[in-house]
Ligand code: ACO
C-alpha cells in the first residue's frame, strides 16, 4: 500500500518534494519533515511552535476545540471526581491506575521518601529572607541532583521509577521549607502518618512539635474538604502534553543532563506569567481592579492593542473552547462555597470579568476563555496559602507530568533538541 504524502512544489525551481503523513491515534495527523532540510536545502519556520509536533507521546491527549483533556486515555473529569492525586501519579508513570495493593505500596513509598538531606536544608537557609519560593524551589531541585547523582546513569526501569518517586515525594517538602523560610518561621518535617496532600498542608501550617493552631474554639485540624480541594488542584495540574515547561524539560533531557536538573529547568520555565506564574498574577490583578465597577475599564485596557495589559487567567495556546480544568475548578469553587471561607469580594470581581469577557466580541472572536489559573487562586486563598506559593503548588502537581514525559523521551533513542534559525543579521 502506498504511503499518504503531502506534496510541496518550490515555485522558484519547479522542484517537487513529497513528505510522509503520519497518523495519530487521536487528533491531527502530522507531516514528517525530518528530512526536509536534506531534501530541499531549506528549513521550516514556526515561531512559538504553533504548528509543530515536537515528539511522539502516549501520555496526555488534548483536544483544544472540544475542550477535552485525558491522561493515558482517561478524561480529566473522571480523575478529578473519582481518583486522588497519587493514583493519578501512578497512572501517568505506569500507564494504568493502581490496584488497591499497588496504591498502598506507592503511597507508603512516597511518604517515606518525603524527607530531604539536612545539607539541602542549609542551602535553603542561605537564601535571603524575602526570596520567592519559586527561586528556592528551582535551586533546591537542581541541588537534589548532587544528592542523587546516580540517577544520571542509564538505569533500569526499577531505578527510573525510584528516581521518579523520589522527586515527587521531595518536591512538597522543598516547597514547604521554602515557604516557611520566606516567612522566617521554623520548618516542619514531613509527617509520614499523613497522606501526600494532608502532609503538605501540615508542613505549611503546623507549629514546632507537630502541634496545630489552637484557638478559643479548639485545635484547628486540617479539614477533609481542604485536603480534597488541594488534591484535586494537584490532579488537574498533573500533566498537559508539550507545554512550555514540559518542552523545556524534554530539551534539557535531550542533552543527557541529570533528570532533576531538567525538572529544575521546567520549574524556571513555569514561573513566567504567561505560563504557571499566571495563577499568582490573577489574584494580584483582581486586587488591582479592586471593585466590580472598574471591570469595564480593565476589559477595555485588555482589548487595546497599544496597551500591554492582558487579562491574566484568560486565553490558551491550545484550548479554543473552555479549559476543562477551569470547568472542574469552577465546579469545585461552587462546592466549597458553603464549607470554606472563599473571598466573596475577589469572587465577585472574577465573576464580573468572566461575565463581561465571555460576551465581548474581542474575547469571543479570539476564543479567549478562562483557563485553570483564573479559578485556582480563589481556592488556594481559602486554603490559607499565600500568593507566592501559588506557582509552587502548580510545580508540585506538574512534577509527575514532567518526569513521566522525560522518562518517555529517554526510553527510545533520541536526538539532542537543536532547532535552526532564519538568519537576518549582518
Ligand atoms: N488578554 C487580552 N488579550 C489576549 C489575551 C489576554 N489574556 N490572551 C490572548 N490575547 C489576544 C492577543 O492579544 C492576540 O490578539 P491579536 O490577534 O489581536 O493580536 C490574540 O489574543 C492571540 O494571542 P496570542 O498571544 O497570540 O496567543 P498565544 O496562544 O500565543 O498565547 C497565552 C497564549 C500566553 C496563554 C495568552 O493567552 C496569555 O498571555 N494569557 C494570559 C496569561 C495566562 O493566563 N497564562 C496562563 C496560561 S494556562 C497555563 O499555562 C497553565
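The values are calculated or read from the model by the stated rules, or taken from the named source; none is laboratory data. Because the structure is predicted, anything quoted here is derived from the model rather than measured. Neighbour counts run over all protein chains shown; Cβ positions are idealised from the backbone, glycine included.
The rows are residues; the columns are (1) farther than 21 Å from residue 336 by Cβ; (2) buried (at least 22 other Cβ atoms within 10 Å of the Cβ).
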position: 174; (1), (2): yes, yes
position: 183; (1), (2): yes, no
position: 190; (1), (2): yes, yes
position: 196; (1), (2): no, yes
position: 209; (1), (2): yes, no
position: 221; (1), (2): no, no
position: 259; (1), (2): yes, yes
position: 262; (1), (2): yes, yes
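Taking the stated definitions as given, is residue 340 near the ligand (Cβ under 10 Å from one of its atoms), out of contact with any strand residue (DSSP E or B) (no Cβ under 8 Å at 6 or more places or on another chain) and farther than 13 Å from residue 376 by Cβ? Please lay out each step first, then the result.
On the way: near the ligand (Cβ under 10 Å from one of its atoms): no; out of contact with any strand residue (DSSP E or B) (no Cβ under 8 Å at 6 or more places or on another chain): yes; farther than 13 Å from residue 376 by Cβ: yes.
Spelling it out, it is not the case that residue 340 is near the ligand (Cβ under 10 Å from one of its atoms), out of contact with any strand residue (DSSP E or B) (no Cβ under 8 Å at 6 or more places or on another chain) and farther than 13 Å from residue 376 by Cβ.
Matching residues to (1) farther than 17 Å from residue 174 by Cα; (2) outside any loop (DSSP other than H, G, I, E, B):
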residue: 385; (1), (2): no, no
residue: 388; (1), (2): no, yes
residue: 396; (1), (2): no, yes
residue: 401; (1), (2): yes, yes
residue: 405; (1), (2): yes, yes
residue: 409; (1), (2): yes, yes
residue: 416; (1), (2): yes, no
residue: 420; (1), (2): yes, no
residue: 424; (1), (2): yes, no
Would you point out the residue of the stretch 1-27, among those that are surrounded by fewer than 12 Cβ atoms within 10 Å (Cβ to Cβ) and out of contact with any strand residue (DSSP E or B) (no Cβ under 7 Å at 6 or more places or on another chain), that is nearest to residue 63 (Cα to Cα)?
-> 25
Just one of (1) surrounded by fewer than 22 Cβ atoms within 10 Å (Cβ to Cβ); (2) assigned to a helix (DSSP H, G or I) trips up residue 392, so point out which.
-> (1)
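Here are 168, 185, 116: which of them is on the phi < 0 side of the Ramachandran plot and modelled with pLDDT under 95? Reasoning before the result, please.
Numbers: 168 fails: modelled with pLDDT under 95; 116 fails: modelled with pLDDT under 95.
Answer to the selection: 185.
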Got a number for residues in the stretch 313-337 being near the ligand (Cβ under 9 Å from one of its atoms), in contact (Cβ under 8 Å) with a residue 60 or more places away in the chain and either assigned to a loop (DSSP other than H, G, I, E, B) or surrounded by fewer than 18 Cβ atoms within 10 Å (Cβ to Cβ) (or both)?
-> 6
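Please specify each residue of the stretch 88-107 satisfying the condition of being within 22 Å of the chain's Cα centre (by Cα), in a helix (DSSP H, G or I) and surrounded by fewer than 19 Cβ atoms within 10 Å (Cβ to Cβ). Let's see the steps before the verdict.
Step one: filter the stretch 88-107 for residues within 22 Å of the chain's Cα centre (by Cα), giving 88-97, 106-107.
Checking the rest, the ones that are also in a helix (DSSP H, G or I) come to 88-94, 106-107.
94, 107 - these are the residues of the stretch 88-107 that are within 22 Å of the chain's Cα centre (by Cα), in a helix (DSSP H, G or I) and surrounded by fewer than 19 Cβ atoms within 10 Å (Cβ to Cβ).
Would you mind stating whether residue 244 is modelled with pLDDT of 95 or more and buried (at least 23 other Cβ atoms within 10 Å of the Cβ)?
Values: modelled with pLDDT of 95 or more: yes; buried (at least 23 other Cβ atoms within 10 Å of the Cβ): no.
So residue 244 fails the test.
Scan 129, 191 and give me the residue that is modelled with pLDDT under 95, touching a helix residue (DSSP H, G or I) at 6+ places or on another chain (Cβ under 8 Å) and not in a helix (DSSP H, G or I). Explain how you work it out, then say what you get.
Numbers: 191 fails: modelled with pLDDT under 95.
It is 129.
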Looking at (1) over 30 Å from residue 223 (Cα atoms); (2) touching a residue at least 60 places away in the same chain (Cβ under 8 Å); (3) surrounded by fewer than 19 Cβ atoms within 10 Å (Cβ to Cβ); (4) within 16 Å of the ligand (Cβ to nearest atom), find the lone condition where residue 254 falls short.
-> (4)
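Can you say whether residue 353 is more than 12 Å from the ligand (Cβ to nearest atom) and crowded, with 20+ Cβ neighbours inside 10 Å, as far as the supplied structure shows? Before you say what the answer is, go through the steps one by one.
Numbers: more than 12 Å from the ligand (Cβ to nearest atom): no; crowded, with 20+ Cβ neighbours inside 10 Å: yes.
No; evaluated as a whole, the condition is false for this residue.
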Of the conditions (1) within 16 Å of the ligand (Cβ to nearest atom); (2) touching a residue at least 24 places away in the same chain (Cβ under 8 Å); (3) surrounded by fewer than 17 Cβ atoms within 10 Å (Cβ to Cβ); (4) under 27 Å from residue 240 (Cβ atoms), residue 310 fails just one. Which one is it?
-> (2)
Mind counting the residues in the stretch 53-70 that are assigned to a loop (DSSP other than H, G, I, E, B) and surrounded by 13 or more Cβ atoms within 10 Å (Cβ to Cβ)?
-> 7
How many residues of the stretch 270-286 are under 17 Å from residue 240 (Cα atoms) and more than 10 Å from the ligand (Cβ to nearest atom)? The answer is 1
If a residue has to be out of contact with any helix residue (DSSP H, G or I) (no Cβ under 7 Å at 6 or more places or on another chain) and more than 11 Å from the ligand (Cβ to nearest atom) to count, how many in the stretch 356-380 make the cut?
-> 4
